[in-house]
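Student: Before anything else, here's the structure in question.
A short reminder: the numbers here are calculations on the coordinates, not readings from a lab. Bear in mind the structure is a predicted one, so any value in this text is a computation, not a measurement. Don't worry about glycine lacking a Cβ; one is built from the backbone with ideal geometry, like all the others, and counts go over all protein chains shown.
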Amino acid sequence: MRRLDEALSDLVAKRRAAGPDHLIDALRRRLAGEAEVVALPVRHDMDTIRTRSRWRGPLIATAALAAALLIALPLLWLEGGDETSRADQAPAPTTTTAPTTTVAPTTTVLSSHLEPAPLQLGDEIGFSQSGDTLWVWDGDGRVAGYRDGVWQALPQLADGPVDVAGTMDGPVWAVTRWNLWHLEDGDWRTLPEEVAGDLEPELGGVEVDRATGIVWVLSGADLYRWDGVEMSQASQAGSSREGILDQIVVAGDGTIWGARGNPYFPWEDRLARFDEGTSAWVSVRPLGGTKDLPASITITPGGNLWVRLPDPAALPPDPTGFVGAYLDTATGEWTTYRLSLGGGDVVADDEVIWADDEVVWWQQSDLFRFDGETMAVFSPGGGMLDNLGVGSDGTVWVTIRYESNGVYRLVIDEEPIE
Amino acid sequence: MASATRSDLCDADEALIRELYPSLHRFAAAVCPSEVEPDDLLQEALYQVLRRGGLGDIPYPGAYLRRTVSNLLAKHWRSASRRRRAWSRTGATEPTQPEYPSDVADLLQLQPRARAVLYMRAIEGRPFTEIAEVLGCTEVAARGLEARARRKLRSVLEEEAHDATA
């Protein structure tokens, strides 16, 4: 076995180097290209890479003005796209898609800090929200749930979960890449092979219908249904293959919603609803996800369906901006909020969490919270943020990239910063 | 202070890029996944920085650009995971990656930040204080990262050895 430094040197030597001339030429072309669009009222008017506090105020004001001026553009874009060219072989959706849009939010900056959660976790921490419980896990299979102000650790799984669902006082299910697990008598167990044998790796997600106890599992390209006795393939074979089912959520009324993407044709992202009668996915509306920012969907503890979309007004495409859209599943009313982060220092992450009627997201070391009217900005310190989860009580939990493996609570001091 | 938005490179920036290119390219080559060209990664990092100001405005541009590369890869890692899940559901085969000898392939199994700390430590011989600065963490966290990366690499190699003898 070779020494580590030799292997690393070998790795470096095998990568092609085009040379600084090629790099400089490419940079000149890109910078010249961007200069042509800076007159557009988008977020490329920041003046330094290190002065967030100074440019945040004017920038947000500019973004708010831009949002008001461009309010029609995202709507045109969201309503655009071909609804029928690759439509599902299924009945038309029962929901309407009439949009309404709010104006840009007002902004307030609040002081805050982070406090560590009483959890011992390793790398690759993930969050998922299921009913009133916020689940957190790490790559070594440690799992804990948060509800009503209390963290409770569960037994360790044999592998790192991909998703966890259920509630603290009910059945808890988890999927790892290869197995579906449930918590029984204080330990994780898999279903017998004769029951779970149809599940194909990789498993992509799990959801529990709180009303019926039915467990929905994303397996390969299809949706499977476990009713406590039988595991059956719920979606017709191939019904989700035209647009790949990338995410499922179960609403309070039992409706299964899916976000569908296609790595070849990202503009064909769809919001879809599963029709149990026909065992098919019903396309509800186009979402317009991009490679950099696929659309994502969330059911809040209050039962509301929120969708995160790319910001269509950002030119060139900028994953730091997005449109939050709220679908009233009872009336079909579709409300969109254009939310801009204000550009990134270096790079943005794309995780966005909806908590009841609030949306929380982060960029670098800043957190943002929008309640439908006001956008609050927090800079709690402690390092670069890496992941985010929100409890049903509104508590915001984050992880810090590189700095540590812990989970931290955002403590808001409620003192506006002038 | 830098101008609002850059439309071209100044001579000082160009000179600095030429000076930093060899070491930055080696760093990018060590940490980026096989499907990403190190030059592309470096170009993106430089573009992210230059669009908002000159390199001369940054006290330690080499370290800052390494940190930018590292941040870009963290984002790429997330997107790649999501894409892999999507590919797995198509029933189609993901495009094949270039093949490397097994020990290089083993290194590629490590996360970019793990490779970054190993490269800066084993090849560049940087102190943990400097590695911590590049990765945006404490010195203790950088040491922990390196220890975990070595442990993970050892585990991958042991698994391989076990499979080979089985």
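Student: In what order do A:148, A:138, B:57 fall by count of nearby beta-carbon atoms within 10 Å, going from fewest to most?
Tutor: A:148, B:57, A:138
Student: Quick one: if you stick a label point 7 Å off each Cα along the C-beta vector at residue A:178 and residue B:34, how many nm between them?
Tutor: In this crude spin-label approximation the distance works out to 2.1 nm.
Student: Another question about this same structure. Calculate the FRET efficiency for residue B:138 and residue A:115 from the Cβ-Cβ distance with a Förster distance of 22 Å, rounded to the nearest 0.05.
Tutor: For residue B:138 and residue A:115, the calculated efficiency is 0.80.
Student: Extending each Cα 7 Å along its Cβ direction at residue A:413 and residue A:276, get the distance between those two points in nm, one decimal.
Tutor: 5.1
Student: Okay, moving on. Determine the sum of side-chain charges near residue A:396: Lys and Arg each +1, Asp and Glu each -1, restricted to other residues whose C-beta is under 9 angstrom from that of residue A:396.
Tutor: Residues close to residue A:396 contribute a combined charge of +2.
Student: Where does each of A:371, A:366 land when they are ranked from fewest to most other beta-carbon atoms within 10 angstrom?
Tutor: Starting with the residue having the fewest Cβ neighbours, the order is A:371, A:366.
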